[in-house]
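S.K.: Please read through the structure below; I'll follow up with questions.
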Amino acid sequence: MAQVHLRNVVKKYGAVQVVHGIDLEIQDNEFVVLVGPSGCGKSTTLRMIAGLEAISEGEVSIGDRVVNDLPPRHRNISMVFQNYALYPHMTVRENLGFSLKIAKRPQAEIDKAVDEAAQILSLADYMDRKPGALSGGQRQRVAMGRAIVRHPEVFLFDEPLSNLDAKLRTQMRTEIKKLHQKVKSTIVYVTHDQVEAMTLADRIVIMRDGHIEQVGTPLDVFETPANTFVATFIGSPPMNLLPGTVSGDRLALTDGPVVPLPPQFAGNVAEGQEIILGLRADNLMPVGHTMPMEGAYAEFDMTVNLSEPLGTETLLFGSLAGREVQAKMLSPRPVKDGERLRFQLDLTRCHLFDAKTQQSLR
Amino acid sequence: MSRFRPPAWFVLLLPAIIILAAVVLVPLILSFYSSFTPYKLTRPETLYKWIGTFNYEKAMKSAHFWAAFGRTVLLLTIALNLEMLMGLGLALLVNKVTYGQRALRTIMMFPMMFSPVLVGFQFKFIFNDNVGLVNNALQSLGLTDRAIPWLVDGQLAFIAILTAEMWSATSVFAILILAGLFAVPRDPIEAAKVDGCTPWQSFRHITLPYVMPFIYIALAIRSLDVARAYDIVQIMTNGGPARRTELLWTLIGRTGYVDAKMGYANAMGYISIFLAIIFTVYFFRKLNAARSELGMAG
Amino acid sequence: MNENLQHRIRARLLKVLHFVTLFIAMAIICVPGLWVVLNSFRPTVEIMAKPPVWIPNELNLDNYRAMFGAAGEGGVPVLQYFTNSLIISVTSTAIAILIGMAGGYAFARYRFKGKSGIFIGLMLTRAVPGVSLSLPLFIVMAKTGLIDTHLGLILVYVALNVPFTIWLIDGFFRQVPIDLAEAAEIDGCTRWQAFWRVEFPVARAGVASAGIFAFLTSWNEYALASQLTRSTFSKTMPVGLRDFTSEFTINWGGMTALAVLMIIPALILTFLVQKHLIAGLTFGGVKG
Ligand SMILES: Nc1ncnc2c1ncn2[C@@H]1O[C@H](COP(=O)(O)OP(=O)(O)O)[C@@H](O)[C@H]1O
Ligand SMILES: [Mg+2]
C-alpha cells in the first residue's frame, strides 16, 4: 500500500523559494502526472519525494511513513531520469540487476527478475551491450527496466520521454501505460507536455511557479479549467481568450461583437464586470461546418488571415477583438487568405473567467 | 620545390623533435656510450677507453646500489600510493563543500607553488632535531622530552622525507581528482542512491570508475617527474647520514659529481631512467584501460 | 518520526566530522608555508631559540633589508639571482610555448601513423630524472661552452617544458571544434589565418596556462640548474637558496626571505590560471 502524501511542502534554495507549499494526496496504484511549463518546480517536487532534494518545510509521507529525513534507499521507490542516468561502465544486464545486487539478493533471484524485466521491455537482445551502444529508445527502456526490477512501492518518472523523437515518444507512451496496468503500483510522472499528461494520467496536477493550479482527471481539467492558465495550457490548439464586459444578459467583447451571456454563468456575474471569454477552436466554426448546435449560440463575421489544412479538419486563424483567434473547420474546403466568413460559436461550451483574478466564474 | 614536401604535422613537430633530440637524446646517447667507459671528469682521456659492461656489473654487484635501488622503489611506491589515497580523500572532502569551495581549491594548490628545494629546506627545518617545529611542538606539549633524531635515524629520516614528498605532491592528486569528480555526471549517482546504494556503495560502484582515469592521469603526470623528489632528499639528508637514506638519484649525483666517476654514474643513471620509464608507461597503459572501460576513448 | 530523527542526527554528525577533517587537512597544507613566511619576519636568533619562542616577540623587515642591501645578506646577491631566474624562465617559457603550440596543434588536428607512439615518446623524455640527465648534459655543455650561461639553461628548460606544453595545448586545441577553422577557411582565410584569427583566440586561455605551468617549472627547477650553473651570473634562485647554508649552519632568516621572494610570483601566476590549468590537464588526458 503506497499512498504518497505531500503536506504543505516547501522548497527553498537559500533565500529563493521555488516550491510554495504543495498539498497533494496520491492514492495507491494511482497514476498522477505533474505537468506545467519548464521551471515551475515539477522536478524539484518529484526529487523531494525521491529524497534527492532536502525538504525545506512541510511533510512528505510514503505509505504511512513520514520520510522527510530518510535517504532515498529507505523510501522503497525507483526513478526514471530524463537523461536515463544509466551506468555507462555496466552492461544492460548489470544495469538492470544493480539494485538487487546492492541489496545482496541471491544471484538466482536477480537473474529471474532481470530476465522478467527484459521480457516485459523486449530487451533480451541487448543484454550484454553497454549503454553507449544503444539507441535512445533502447536506453529509455533499460532505464525503465531498471526501475521495475526492484518492484518498488512508488515509481517516479522525470520527463522520461522528452529526449525521444516524436514517433518513439508516442510508442513509449503507450508502453508506459501498459506497464502501469501490468505492474500495479503508484506512479508520479513529471512532464511539460500536456498531451502526455492527458493520455497517461489518472489525475493531472497542473503547476505554475511552484504552486498547484488545479488537480483533476484529464477530462475535468479540460472541461472545467479552474483559471485562464489551465485553460490555455491544456488542450491544443490553446483556448482563445477574449476580454469583454458584462452588460445585461450580453457580453460586449472589447472592440468586437456583442454576444449573449452564456446561460450557465448568468448567476455568477455582475453588471459591468470585466471578464474573459474562453473559447476552444472546436466550438468556433464557420456556419455550415458545425455539428448542429443545441442551446445557445452566437454568430458573427470574421476575416480569415491564414488557414492550416490538417486533412480531416482545417485550422483557421482569424482576428477578433484585436486578437488572434483560432477556429476549426470540419469537412474542409479550400479557404483563401483574407476571405470573410460567418462563424458560429457554441455558448454552452464556452468558459468565463474573471479578468482580475483570472479564475473561472463557473 | 615540387620534389618533396614533408607533411604538415611533421613540420609542426620538427622544432619539438629537434630541441628534445639536442638536449635530451644526444646527451643520453653520450651517457649511454660513456657508461661503457671508465670516464672520470678529472681524466678526459678515459672517455675513449672501452670497458664493456663493467660499470653495469659493478652496479649489479654493489650492495650500496641495490640498497639505494630498493629504497627508491619503496619510496616511490609508498609515496605514490599514499599521495593518491590522500589526494582522493582531500578531493572528496573539498567536493562536498558547497560554500567557499573556490577558496579551498586555491589553498589546496598552495604546495604546488613551492620549489622542491624549498620544500626540502622547509622540512629540513621542521624536522630539525634541535630547533625544528615538530620536536618543539612535541616537547611543548609534553609528549616527549627527548630530541627525536628525525633526520639522523634511517627509518625516521625515511618518514620525514616521505612527509615532505607527500606535502609537496598530494595536492597535485587532489586537484586532478577533484577535476574528475566535477566531471562525474550527477544522474548516475542519483540513480544509484535511488537504487538503494549507501554513500559508500555509490562511491565504490559509480564515482570511482568515473574518477579512475583521472587518478591515472595524476599518476602518469606524477611519474613523469617523480625525480623531483631528488631535490627534496638532496637538501634534507643528501642520502646521509652514512647512506641511510640513499636513493638512486643521490647515489648517482654523488658518484658523478663528488667522486667524478661519470662512467659509473651514467650506468646507474640509465638504470634510473628505465625505472622512471617503466613507471610512466605502466600508468599510461592503465589510463588507456580505464578510459576504454568508460567508453571515453577515441 | 524516530527513524527520521536517527537519520537527521547521523547527517549532523557526519557534517561535523567532515568539517573537522577538512579543517585539519587545510591546516596541514598551510602551516609549513605560513611558517616560512612568518620566519622571514623574525630575527634568526629567535627562530633558533631554545626553548622555542612560539609567539613572535618582534617582527621586522631586517631579513628583507639585508637581502636587498648593497652587500646582500652574507654576500648573497639575491637581486642578481632574481634577475637570472626571471630572464631564464621567461625566455624559455616563450620558446617552449611556440614550439609546444606547433606540436600540440599537430597532435590535435592531424592524423598520422605512429601518433600515440610519438606522443608517448615525447612524454618519456620528460621522465628522464634530472640528475641522470645532468651528467651527460654537464659534459656536453662543458665542451660547447654553454655551461654557466643563461643560454645553456634556457635550452635545457625549453626541452624540459616542451612535452608537457604539447600535452596541455593539444588538449585545448581539441576543445576548439574543427568546424570553426573550416568555416573560417570557407570564408576565405588561409589555414594560417584561420589558425591565428579563429582557433588561437579560442584556445588562448589554455595556452596562457600552459605557459604559466612551464614558467613555474623553470622557476622552481633545481636538479639541473644546480649542476649547470656555477657563478652569480647564471645561478637561479633555487640554487641560490644554498648560499645561505654553510658547512654547519644555515642562515634561516635570510633563506626564508629569499623563499618568500620566490613564492610570490609563483603564487600570483598560479591563481591567475588555476581553472584553465586543471581543465587542460584533464581534458587532454581523458579524451585520449
Ligand atoms: N540548485 C538550485 N539552486 C537554485 N535554484 C534552483 C536549483 N534547482 C532548481 N532551481 C530553480 O527551481 C525552479 C524549479 O526547477 P525545476 O523543478 O527543475 O523545474 P521543472 O518544472 O522544469 O522541472 C527553477 O526556476 C530553477 O531555476
Ligand atoms: Mg524538470
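The values are calculated or read from the model by the stated rules, or taken from the named source; none is laboratory data. These figures come from a predicted structure and were not determined experimentally. Virtual Cβ from ideal backbone geometry, glycine too; neighbours counted across all protein chains shown. Accessible surface areas use protein heavy atoms only, side chains included; no ligands, DNA or RNA. Shrake-Rupley method; radii C 1.70, N 1.55, O 1.52, S 1.80 Å.
S.K.: Would you look at the GNM of chain A, springs on alpha carbons closer than 10 Å, and say which of A:Tyr13, A:Tyr189, A:Tyr126 moves the most?
M.R.: Sorting by GNM fluctuation, first place goes to A:Tyr13.
S.K.: In addition: So what are the three principal axis dimensions of segment A:249-354 from its Cα atoms, in whole Å, longest to shortest?
M.R.: On the principal axes, segment A:249-354 reaches 42, 28, 17 Å in Cα extent.
S.K.: For Cα pairs less than 8 Å apart in space and 6+ apart in sequence, what is the mean separation divided by the residue count of segment A:249-354, i.e. the relative contact order in percent?
M.R.: 37 percent
S.K.: Apply the Karplus curve 6.51 cos²θ - 1.76 cosθ + 1.60, θ = phi - 60°, to the phi angles in segment B:201-212 and return the couplings in whole Hz, x for Gly and Pro.
M.R.: 5, 5, 5, 5, 8, 10, 4, 4, x, 5, 7, 3
S.K.: Same structure again: Where the only charges are on Cβ atoms (+1 Lys, Arg; -1 Asp, Glu), what is the dipole of chain B about its Cα centre, to the nearest 20 debye? Spell out each step's value before the answer.
M.R.: Working: 25 positive and 15 negative charges, 129 e Å.
The dipole of chain B has a size of about 620 debye.
S.K.: Bin width 10 Å, origin at 0, all Cα-Cα pairs of segment B:37-115: what percent of pairs per bin?
M.R.: Computed distribution, short to long bins: 14, 23, 20, 16, 15, 11, 2.
S.K.: Could you check which residue among C:Leu98, C:Leu224, C:Leu17 shows the biggest mean-square fluctuation in a GNM of chain C with a 10 Å Cα cutoff?
M.R.: C:Leu17
S.K.: Over all alpha-carbon pairs in the protein assembly as shown, figure out the percentage whose distance exceeds 37 Å.
M.R.: 62 percent
S.K.: Right, next: Taking H as built 1.01 Å from N, whose amide H comes closer than 5 Å to the amide H of A:Val325, not counting residues under 5 places away?
M.R.: A:Gly318, A:Ser319, A:Leu320
S.K.: Another question, then. Along the charge dipole of segment C:2-67, Cβ charges K/R +1 and D/E -1, which of C:Leu61, C:Met48, C:Pro32 sits furthest on the positive end?
M.R.: C:Pro32
S.K.: What number results when the radius of gyration of segment A:159-284, computed over Cα atoms, is divided by 2.2 N^0.38 Å?
M.R.: Segment A:159-284 yields a ratio of 1.34.
S.K.: What does the structure give for B:26-34 when I average, per residue, the other chain Cβ atoms found within 10 Å of the residue Cβ?
M.R.: So the per-residue partner count for this stretch is 5.
S.K.: While we're looking at this one, here's another question. Give, to the nearest whole percent, the P(r) tail of segment B:30-177 beyond 27 angstrom, counting all Cα pairs.
M.R.: 49 percent
S.K.: log₁₀ I(q)/I(0) of segment C:2-67 at q = 0.21, 0.25 Å⁻¹, via Debye over equal Cα point scatterers, no solvent, to two decimals?
M.R.: Here log10 of I(q) over I(0) equals -0.89, -1.03.
S.K.: Report the label-to-label distance for B:Glu57 and A:Leu310 in nanometres (one decimal), using points 7 Å from each Cα along the Cα→Cβ vector.
M.R.: For the pair B:Glu57/A:Leu310, the computed spacing is 9.5 nm.
S.K.: May I pose another question? Using θ = phi - 60° and the Karplus curve 6.51 cos²θ - 1.76 cosθ + 1.60, what whole-Hz ³J(HN,Hα) does each residue of segment B:174-182 get, with Gly and Pro shown as x?
M.R.: Going residue by residue, I get 4, 5, 5, 5, 4, 4, x, 5, 5 Hz, with x marking Gly and Pro.
S.K.: With unit charges on the beta carbons (Lys and Arg positive, Asp and Glu negative) and the dipole taken about the Cα centre of the protein assembly as shown, which residue among B:Phe10, C:Gly103, B:Leu275 sits farthest to the positive side?
M.R.: Farthest towards the positive pole: B:Leu275.
S.K.: How big is chain A in terms of Cα radius of gyration and Dmax, in angstroms?
M.R.: That works out to 24.5, 76 Å for Rg and Dmax.
S.K.: Ok, one more. Among C:Leu22, C:Leu155, A:Tyr84, which residue has its Cα positioned farthest towards the positive end of the charge dipole of the protein assembly as shown, with +1 placed on the Cβ of Lys and Arg, -1 on the Cβ of Asp and Glu, and the dipole taken about the Cα centre?
M.R.: The residue sitting farthest along the positive end of the dipole is C:Leu155.
S.K.: Next question, about the same structure. From zero outward in steps of 10 Å, how is the percent of C-alpha pairs of chain B spread across the bins?
M.R.: All Cα pairs, binned at 10 Å, distribute as 6, 20, 25, 23, 16, 7, 2, 0, 0 percent.
S.K.: Given segment A:169-229, what whole percent of its Cα pairs are spread farther than 14 Å?
M.R.: 59 percent
S.K.: Shape of segment A:97-212 from its Cα gyration tensor (a ≥ b ≥ c, root eigenvalues): rounded if a/c is under 1.5, otherwise prolate when a/b > b/c, or oblate?
M.R.: Cα axes put segment A:97-212 in the prolate bin.
S.K.: Rolling a 1.4 angstrom probe over the protein heavy atoms, how many square angstrom per residue are accessible across the protein assembly as shown?
M.R.: 43 Å²
S.K.: Next question. Output ³J(HN,Hα) for segment B:72-79: one whole-Hz value per residue in order, computed from phi by the Karplus curve 6.51 cos²θ - 1.76 cosθ + 1.60 with θ = phi - 60°, and x for Gly and Pro.
M.R.: Going residue by residue, I get 5, 4, 4, 4, 4, 5, 5, 5 Hz, with x marking Gly and Pro.
S.K.: Mind checking Rg over Rh on segment C:128-227, alpha carbons, Kirkwood formula for Rh?
M.R.: Details: Rg = 18.4 Å, Rh = 15.8 Å.
Here Rg/Rh amounts to 1.17.
S.K.: I've got another one for you. State the volume of the convex hull built on the alpha-carbon positions of segment C:76-286, expressed per residue in Å³ and rounded to an integer.
M.R.: With only Cα atoms used, segment C:76-286 gives 142 Å³ per residue.
S.K.: Per residue of C:116-122, how many C-beta atoms from partner chains lie within 10 Å of its own C-beta, taken as a mean?
M.R.: 3
S.K.: For peptide C:252-259, what's the mean number of Cβ atoms from other chains within 10 Å of each residue's Cβ? Intermediate results must be reported in sequence, preceding the final value.
M.R.: Numbers: counts 5, 0, 0, 4, 4, 0, 2, 6.
For peptide C:252-259, the averaged partner shielding equals 3.
S.K.: Sequence gap at least 6, Cα distance under 8 Å: using those rules, report the relative contact order of chain B to the nearest whole percent. Provide the component values of the computation, followed by the final result.
M.R.: Details: 327 pairs, mean separation 77.3, N = 298.
RCO, chain B: 26 percent.
S.K.: Separate question: By per-residue mean of other Cβ atoms within 10 Å, what is the highest-first order of A:147-159, C:55-67?
M.R.: A:147-159, C:55-67
S.K.: Taking H placed 1.01 Å from N in the peptide plane, check which residues at least 5 places from A:Glu213 or on another chain put their amide H under 5 Å from its amide H.
M.R.: Hits under the 5 Å cutoff: A:Ile206, A:Met207, A:Arg208.
S.K.: On to the next question. Beyond a 25 Å Cα-Cα separation, which of these cross-linked pairs lie in this structure: A:Lys12/A:Lys356; B:Lys58/C:Lys143; A:Lys104/A:Lys177; A:Lys101/A:Lys130?
M.R.: From the list (A:Lys12/A:Lys356; B:Lys58/C:Lys143; A:Lys104/A:Lys177; A:Lys101/A:Lys130), the Cα-Cα distance tops 25 Å for A:Lys12/A:Lys356; B:Lys58/C:Lys143; A:Lys104/A:Lys177.
S.K.: Using the Cα atoms of segment B:1-90 to build a convex hull, what is its mean projected area in square nanometres? Walk me through the numbers before you get to the answer.
M.R.: Numbers: hull surface 48.6 nm².
For the Cα atoms of segment B:1-90, the hull's average projected area reads 12.1 nm².
S.K.: I want to verify a result. In a Gaussian network model of chain B, Cα cutoff 10 Å, which of these has the top mean-square fluctuation: B:Pro27, B:Pro38, B:Pro149?
M.R.: Most flexible of the set in this elastic network: B:Pro27.
S.K.: Sticking with this one: Would you work out what percent of the accessible area of chain C, with all protein chains in place, is carbon or sulfur (probe 1.4 Å)? It would help to have the intermediate numbers written out before the result.
M.R.: Values: 8770 of 12790 Å².
The C+S portion of the solvent-accessible surface of chain C is 69 percent.
S.K.: Can you check what the Kirkwood hydrodynamic radius comes to for segment A:1-113, Cα pairs only, in Å to one decimal?
M.R.: Across segment A:1-113, the inverse of the average 1/r is 15.9 Å.
S.K.: Please sort A:102-111, C:81-90 by packing, taking for each peptide the average over its residues of neighbouring beta carbons within 10 angstrom, highest first.
M.R.: Final packing ranking: C:81-90, A:102-111.
S.K.: What relative contact order, as a whole-number percentage, does chain A give when Cα pairs under 8 Å and 6 or more residues apart are counted?
M.R.: 15 percent
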